[in-house]
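The values are calculated or read from the model by the stated rules, or taken from the named source; none is laboratory data. This is a predicted model, so every value here is computed, not measured. A quick note on method: Cβ atoms are made from the backbone with ideal geometry, for glycine too, and the neighbour counts reach across all protein chains shown. Heads up: the accessible areas ignore ligands, DNA and RNA and are worked out on the full protein's heavy atoms, side chains in. Shrake-Rupley method; radii C 1.70, N 1.55, O 1.52, S 1.80 Å.
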Amino acid sequence: MHKNEWIPTVCYQCKAECAILARVENGVVREVKGNPRARGKMCVKGMAGITTLYSSERLKYPLKRVGERGEGRFTRISWDEALDIMEKKLRELRDRGEAHTFTYSMFPHSTTDPKWRFVNAVGGFISTGLPHCDSGKIMAHLHTFGCFPNHHIAPMYYTVPKGGLMILSGRHPFGCLDDACVPRDILNAKQRGAKLVVIDPIFRTEAAKADWWIPIKPGGDAALFLGVCHYLLTHNLYDKAFCDKWVRPGDMEKLMKFIKDKTPAKMSRICEVPAKDIVKLAKMCAEAKSVCIDAFKSIMYGNAMDWGHVWSILLVITGNLDNPGGQPLPEIAPMAPVTPVPPAPNLKELGYHRTGPNKDKFDHYNFILE
Ligand code: SF4
């Protein structure tokens, strides 16, 4: 038993999982702070984590509903009983070829999160995640790159060089939403000579710190960046060497065809950012030493997947993947295969349902992601 010592651990008040130290006194956490060996920051939400740990409301064991749904009556059951109930229901679904009807509100923390293996073993699932949190980005990055950034969800701002460009699109790190080190890292990068562009309908703290604040119609980010991609691609300002090396044969042609009518003038009518500013942003992206983008609130709309895909494409055509100041990609650790392979779900279509005004539309990712 630890009498009174500082234990290295991680905060789990949000998914940034900042490295922290916890002072444990006779088995009770008394104090937490950022771990100086890992850039040493913690936000107020993280510091309040001790109250969650010892809250009388904290769920510590499985509960089974005994009354009618909504009645609020539950009884405590053992973990074995809870696991048996879930296993039986999932097995029944799989045996009926309906594993895909299993709805799982999962938030994978990395490409190699064991939760992926769990859904592989079940044989399919419906993700509820798209306009929730930044799942649109995660799923779009996953479909485009085959992986998504783990651990530090945000770009690694401490790697942004002089002349680099940081774009926050509906993202509010100065409110300490995800990764307590980010505000300081962004300001340090600015001091090194990097530029900060903030795209947000509202002038917030981030805008006050920015070199350029671009007000935008809420939900217009995908259109804005399609206009940026259009300008880069049609003015030969994209990173051709990177695309030649990394983009699958034929996909650039499909992208060129798709982007043809997404002109800054046309996209301006959707996002309400003047076309000349879309062009200016495109030129900044082309001239910058590195470009990184981060979004959060802007990727919680019904078009979350569209915005996530445009975001992914912009990183590719500017060659900003796995470079200092760009979007880091994780190492993919090998995982044990699922055996036996579960039967394929009995599905007519693969893809995703939209939410919002186009909710009846079904997309198949057939744009450059076939
Ligand atoms: S950003 Fe704050 S709440 Fe999130 S993990 Fe870091 S310290 Fe905890």
- Take residue 60 and decide whether it is within 12 Å of the ligand (Cβ to nearest atom), within 30 Å of residue 138 (Cα to Cα) and of a type in the set (D, E, K, R). no
- Would you call residue 35 away from the ligand (no atom under 16 Å from the Cβ) and in contact (Cβ under 8 Å) with a residue 24 or more places away in the chain? no
- When residue 27 is evaluated against the numbered criteria (1) near the ligand (Cβ under 10 Å from one of its atoms); (2) exposed (fewer than 15 other Cβ atoms within 10 Å of the Cβ), which criterion, by number, is the only one it fails? (1)
- With respect to residue 151, is the statement that it is within 16 Å of the ligand (Cβ to nearest atom), modelled with pLDDT under 85 and open to solvent by 40 Å² or more (accessible area, probe 1.4 Å) true? yes
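So that you can scan it fast, the table gives a plain yes or no per residue for (1) within 25 Å of residue 158 (Cα to Cα); (2) in contact with a Cys (Cβ under 7 Å, 6 or more places away or on another chain); (3) near the ligand (Cβ under 8 Å from one of its atoms); (4) not acidic (Asp, Glu):
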{"residue": "12", "(1), (2), (3), (4)": "yes, no, yes, yes"}
{"residue": "17", "(1), (2), (3), (4)": "yes, yes, yes, no"}
{"residue": "21", "(1), (2), (3), (4)": "yes, no, no, yes"}
{"residue": "48", "(1), (2), (3), (4)": "no, no, no, yes"}
- Could you tell me whether the stretch 304-322 includes any residue that is free of Cβ contacts under 8 Å to residues at least 40 places away in the same chain and within 15 Å of the chain's Cα centre (by Cα)? yes
- Message: Given the condition surrounded by fewer than 13 Cβ atoms within 10 Å (Cβ to Cβ) and away from the ligand (no atom under 16 Å from the Cβ), answer yes or no: does some residue in the stretch 101-111 qualify?
- Response: yes
- Task: Take the stretch 38-66 and flag every residue that is assigned to a helix (DSSP H, G or I), surrounded by 12 or more Cβ atoms within 10 Å (Cβ to Cβ) and among the aliphatic types (A, V, I, L, M).
- Result: 38, 47, 50, 53
- Item | Filter result (touching a residue at least 24 places away in the same chain (Cβ under 8 Å) and within 18 Å of residue 219 (Cβ to Cβ)) within the stretch 271-280 | 271, 272, 273, 277, 278
- Message: Just to be sure I understand, how many residues within the stretch 173-204 are in contact with a Ser or Thr (Cβ under 7 Å, 6 or more places away or on another chain), more than 16 Å from the ligand (Cβ to nearest atom) and not in a strand (DSSP E or B)?
- Response: 0
- Task: Go through (1) out of contact with any Asp or Glu (no Cβ under 9 Å at 6 or more places or on another chain); (2) assigned to a helix (DSSP H, G or I); (3) surrounded by fewer than 18 Cβ atoms within 10 Å (Cβ to Cβ) one by one and return the number of the condition residue 261 breaks.
- Result: (2)
- Message: outside any helix (DSSP H, G or I), at positive phi, open to solvent by less than 90 Å² (accessible area, probe 1.4 Å) and within 16 Å of the ligand (Cβ to nearest atom): is that true of residue 70 in this structure?
- Response: no
- Checked against (1) touching a residue at least 24 places away in the same chain (Cβ under 8 Å); (2) surrounded by fewer than 14 Cβ atoms within 10 Å (Cβ to Cβ); (3) over 25 Å from residue 135 (Cα atoms), residue 97 satisfies every condition except (2)
- Do we find that residue 21 is free of Cβ contacts under 8 Å to residues at least 60 places away in the same chain, assigned to a helix (DSSP H, G or I) and either within 31 Å of the chain's Cα centre (by Cα) or surrounded by 12 or more Cβ atoms within 10 Å (Cβ to Cβ) (or both) in this structure? no
- Item | Meets criteria (assigned to a loop (DSSP other than H, G, I, E, B) and either at pLDDT below 65 or of a type in the set (Lys, Arg) (or both)) for residue 349 | yes
